[in-house]
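Inspection log for the structure reproduced underneath, given as structure tokens.
What follows draws every value from the coordinates through simple rules; no lab data is involved. Because the structure is predicted, anything quoted here is derived from the model rather than measured. Counting neighbours? That spans all protein chains shown, and the Cβs are built from the backbone with ideal geometry, glycine included.
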Amino acid sequence: MSQHTAEILWIRGEQDFLSNRYSRKHLLRFDGGLEIPGSSSPHVVPLPMSDAAALDPEEAFIASLSSCHMLWFLSIAARQKFCVDRYFDAATGEMAKNAAGRKWLAVVTLRPEVSFSGDRQPTKEELDQMHHQAHEECFIANSVKSEVRCQPVWGG
């Protein structure tokens, strides 16, 4: 079993915490040394207590699903001898309220657009099958209860 880590650091400093008007900016640190500024989403906590330029948990969740899907797709395409030149995904997430009235990311939609080169080009059916297999294999998609849709952009 592999273990993955992330460190999250928030420091109050001189902020008036008890007024609930403190900054939500924090630091996300990953096991390879990467550090990314984090914050609550301005859609959840208004500016200036949030930082719109920082990564928020909702964006990180969507990016994680998109990245995992892409990595599996690339692996599958390589095994099937399709040469991928470019992979772009403009993924989105939709907030909704669940049965208990709590907000959650109910639907994440991936919209991968893939360009290939070489003599071997996938048909739409082969492309759809590779995306289906990538979705089935994605560790992150297998770990969440939100609906994850994949709507590949066909350019062939």
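So the values come out like this:
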quantity	calculated
Under the Karplus curve 6.51 cos²θ - 1.76 cosθ + 1.60, θ = phi - 60°, whole-Hz ³J(HN,Hα) for region 136-145, x wherever Gly or Pro sits	5, 8, 4, 4, 5, 4, 6, 9, 10, 9
Given (i) 17.9; (ii) 15.4; (iii) 16.6, the label whose value is Kirkwood radius over Cα pairs in Å derived from this model	(i)
Distance between modelled label sites at THR5 and GLU126, nm, 7 Å Cα→Cβ extension	4.4
Cβ-Cβ FRET estimate between ILE36 and PHE139, R0 fixed at 22 Å, reported to 0.05	0.60
Partnerless cysteines, meaning none of the other Cys C-beta atoms lie under 4.7 Å away, in the chain	CYS83, CYS150
Most mobile of GLN80, GLN121, GLN15 in a GNM of the chain (Cα contacts under 10 Å)	GLN15
The chain - share of DSSP beta bridges that are antiparallel (%, nearest 5)	75
Nonlocal amide H pairs with ARG149, under 5 Å, H built at 1.01 Å	VAL108, THR109, LEU110
Restraint check, LYS25/LYS97; LYS81/LYS124; LYS25/LYS103, Cα-Cα greater than 19 Å	LYS25/LYS97; LYS25/LYS103
Estimated 222 nm signal from helices in the chain, with DSSP H stretches of n ≥ 4 weighted -39500 (n - 2.57), rounded to 500	-8000 deg cm²/dmol
Low-density loop cleavage sites - chymotrypsin sites (Phe, Trp or Tyr not before Pro) in region 37-75, where at most 14 other Cβ are within 10 Å (DSSP)	none
Filtered trypsin sites (Lys or Arg not before Pro), region 100-145: DSSP coil and at most 16 other beta carbons within 10 Å	ARG102, ARG120, LYS145
GNM top mover of GLU59, GLU14, GLU125 - the chain, alpha-carbon springs below 10 Å	GLU14
Highest-fluctuation residue, ALA99, ALA90, ALA78 considered, GNM on the chain with Cα pairs under 10 Å	ALA99
